[in-house]
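The values are calculated or read from the model by the stated rules, or taken from the named source; none is laboratory data. Fair warning: this is a prediction, and the values are worked out from it, not measured in the lab. When we count neighbours, we look across all protein chains shown, and the Cβ atoms used for this are built from the backbone with ideal geometry, even at glycine. Accessible surface areas use protein heavy atoms only, side chains included; no ligands, DNA or RNA. Shrake-Rupley method; radii C 1.70, N 1.55, O 1.52, S 1.80 Å.
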Amino acid sequence: MRSDRLPRLLALVPYLMSHPGAEVPEVARLFGLSEKQLIDDLQLVWMCGLPGHTPGDLIDVSWDGGEITIDNADAIARPLKLGVDEASALLVALRMLDELPEFKGRDVLARVIAKLEQAAGDGAATVSSQVQVEIGAAPDAHAVITDATRRGRRLSLRYYVPGRDEVTPREVDPLRVVLVDGRHYLEGWCYRAEAMRMFRLDRILEVEVLDVPADPPAEAEPMDVAEGVFRPSDSDELVELELTPAGRWVAEYYPCEEVAELGEGRLRVSLRARDQSWLVRLALRLGDSGRVLTPASLADRVAATAKEALANYDSVS
């Protein structure tokens, strides 16, 4: 199951319980889904329920004629409540958003914050709105990049790439600055890569505005960041992993080109990555819950890195 599907189902079931007879098109529109996606979710709900898995234990849902009816779902009939820590984190994020000079819709945001504070109680309402956010190794990066983007000027960067542990020079025609998962990114046409790239502002060591107008090619289009900033390309290395049941989370957290069931809860997944060092760290993190099938060079590198780590451990102990 995708990592965003479970929270959606936990919100969908209480909604349907409190709105008997809701229509498929109406519910799909409310949850931002296509009708097919909603039906797929309902088919999954139909297989869920309490331990025992007999017909009397499972949720009963139907959508004949486009009208949704649901029964035997009392165990999750009420929406989940935010804990104080969760509400506090959400309030901090909303107040950070409110402080962005380019943000519009502050009246709506103020009402959301007020409702959240009222629902969360005193514990979350007392969170300080003065949050210090580290926006880059170059202290003026955010302001300089935002100004250059508005004026349509090319940028010269020194950018740290953690996967290769190196600093690279870049010339970039900026298109926008976006906030994704609490971090600011510069999105623009990178002349080194000859492609669109996302640059985390806290990895920009130096930034200079060039006396050159930004002139990105026609194919330079902002990407949809609703599901994160990483988008594999055909030029990235294709890797095959075999995962045990304990390692299945990889298929939920990372975009995979292929996922195949192998039986007994095991998976074979294919995914792409620009940096083999990241794949080595992933394989080591998996431990005995996953192994590299291809390429052989990656499997050899993982084995060598693991042996080196063990040797260092033995020398210390």
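A Förster radius of 22 Å, combined with the Cβ-Cβ distance separating Glu171 from Glu221, puts the computed FRET efficiency at roughly 0.70. Computed on protein heavy atoms with a 1.4 Å probe, the accessible areas place Glu258, Glu242, Glu23 in the order Glu258, Glu23, Glu242, largest first.
Quote the charge dipole size of region 237-314 about the Cα centre in Debye, to the nearest 20; the model charges only the Cβ of Lys and Arg (+1) and of Asp and Glu (-1).
Working: 10 positive and 13 negative charges, 30 e Å.
Result for region 237-314 is approximately 140 debye, rounded to the nearest 20.
By the gyration tensor of its Cα atoms, with a ≥ b ≥ c the square roots of the eigenvalues, what is the shape of region 141-213: rounded for a/c under 1.5, prolate for a/b over b/c, or oblate? It comes out oblate by the Cα gyration axes.
Counting only Cβ charges, +1 for Lys and Arg and -1 for Asp and Glu, the dipole size of region 141-213 around its Cα centre is about 140 debye.
Accessible area ranking (1.4 Å probe, heavy atoms, ligands and nucleic acids excluded), largest first, for Ser270, Ser156: Ser156, Ser270. Across Val167, Val292, the residue with the most accessible area heads the list, and the full order at a 1.4 Å probe is Val167, Val292.
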